[in-house]
Amino acid sequence: MQSRNQSESVVSIQALNHHYGQGRLQKQVLFDINLEIQAGEIVIMTGPSGSGKTTLLSLIGSLRSAQSGSLRVLGQELCGANKTQMVELRRNVGYIFQAHNLLKSLTAKQNVQMSLELHDLSVDEAIARAEAMLAAVGLDDRSTYYPENLSGGQKQRVAIARALVSHPKLVLADEPTAALDKQSGRDVVELMQRLAKEQGCTILLVTHDNRILDIADRIVQMEDGYLATNAQLAQTNTAA
Ligand code: ADP
Ligand code: MG
């Protein structure tokens, strides 16, 4: 990863557009996106279904190639980036999805351990870190359980442990509470918030869940492929 000066944003997006499809079937889904996210910030993105939130998240996470404009993440320009650069960036990003995406054939601990595979650690070290991280999400007594024997909230906590165990600088979460009841959803985001503050990482979290907006430092809104003016949380609270 190339060095970057300290004042540079973790995410810096200018005039980003995105199209799906080719030729006459081509459809633009992101329009002139501009967004800066600073180190340590927790930013929540809301907006209707189909407005482009997942597309934007997958571009920022380098899971999809950026096409036009400028998208800098952790100092790496992703528009025009090659495969090696894209893969390298992914090592520094933690992902949490709506469906937990745990591997069924692996225990909770093995699922967490797996995300350390790309990092040069001994097996013993990886196991120790996975165990410590499961303890941090309150699941030390479930480390040998398989996903099918865990509740929805527990699975999502394993997913959080998996995303954070490598101490990524940036965590991207796409509707992480969507499949959870109110209390589990609340627990899961408070856990993310606490761990992020402890590790000093930056979070961008997409959600429809109005009950968790208060964990954000800042809320941004997507609508029809456009990012609405950044609303400060204070203003949102005043308006509510
Ligand atoms: P959101 O996450 O806000 O629901 P998405 O980013 O998933 O929105 O989708 C934005 C738009 O792009 C939608 O119109 C959707 O149908 C379209 N879209 C999403 N993924 C693809 C894809 N892989 N191929 C073609 N169109 C897509
Ligand atoms: Mg989505």
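The values are calculated or read from the model by the stated rules, or taken from the named source; none is laboratory data. If you're wondering where the values come from, they're calculated on a predicted model, not measured in any experiment. Heads up, the Cβs are rebuilt from the backbone with ideal geometry, glycines too, and the neighbour counts pull from every protein chain shown. Surface areas here come from the heavy atoms of the whole protein model, side chains and all, with no ligands, DNA or RNA. Shrake-Rupley method; radii C 1.70, N 1.55, O 1.52, S 1.80 Å.
Key figures
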quantity	calculated
Test: residue in the range 138-147 that is within 16 Å of ligand 1 (Cβ to nearest atom) and open to solvent by less than 40 Å² (accessible area, probe 1.4 Å)	no
Matching residues, the range 82-110, being without any contact (Cβ under 8 Å) to a residue 60 or more places away in the chain, open to solvent by less than 20 Å² (accessible area, probe 1.4 Å) and in contact with a strand residue (DSSP E or B) (Cβ under 9 Å, 6 or more places away or on another chain)	M86
Selection count where residues are open to solvent by 30 Å² or more (accessible area, probe 1.4 Å) and part of a helix (DSSP H, G or I), scope the range 193-203	5
Hey, L63 within 30 Å of E148 (Cβ to Cβ) and in the same structural domain as L191 (by TED's automatic domain parsing) or not	yes
Close pairs (6 angstrom Cβ cut-off, 6 or more residues apart or separate chains): part of a loop (DSSP other than H, G, I, E, B) and open to solvent by 20 Å² or more (accessible area, probe 1.4 Å) in the range 174-192, within 16 Å of ligand 2 (Cβ to nearest atom) and of a type outside the set (S, T, N, Q) anywhere	E175/V206
Odd one out for A132, checked against (1) touching a residue at least 24 places away in the same chain (Cβ under 8 Å); (2) open to solvent by 30 Å² or more (accessible area, probe 1.4 Å); (3) assigned to a helix (DSSP H, G or I)	(1)
Hey, R72 open to solvent by 50 Å² or more (accessible area, probe 1.4 Å), over 25 Å from L150 (Cβ atoms), assigned to a loop (DSSP other than H, G, I, E, B) and among the basic types (K, R) or not	no
Residues that are open to solvent by less than 30 Å² (accessible area, probe 1.4 Å), away from ligand 2 (no atom under 16 Å from the Cβ) and either outside the structural domain of S68 (by TED's automatic domain parsing) or within 14 Å of L227 (Cβ to Cβ) (or both), drawn from the range 20-41	L35, I37
Every residue from the range 154-173 that is open to solvent by less than 10 Å² (accessible area, probe 1.4 Å) and either of a type in the set (V, I, T) or part of a helix (DSSP H, G or I) (or both)	Q156, V158, A159, I160, A161, A163, L164, V165, V171
Verdict on R218 being modelled with pLDDT of 90 or more, farther than 27 Å from V87 by Cα and basic (K, R)	yes
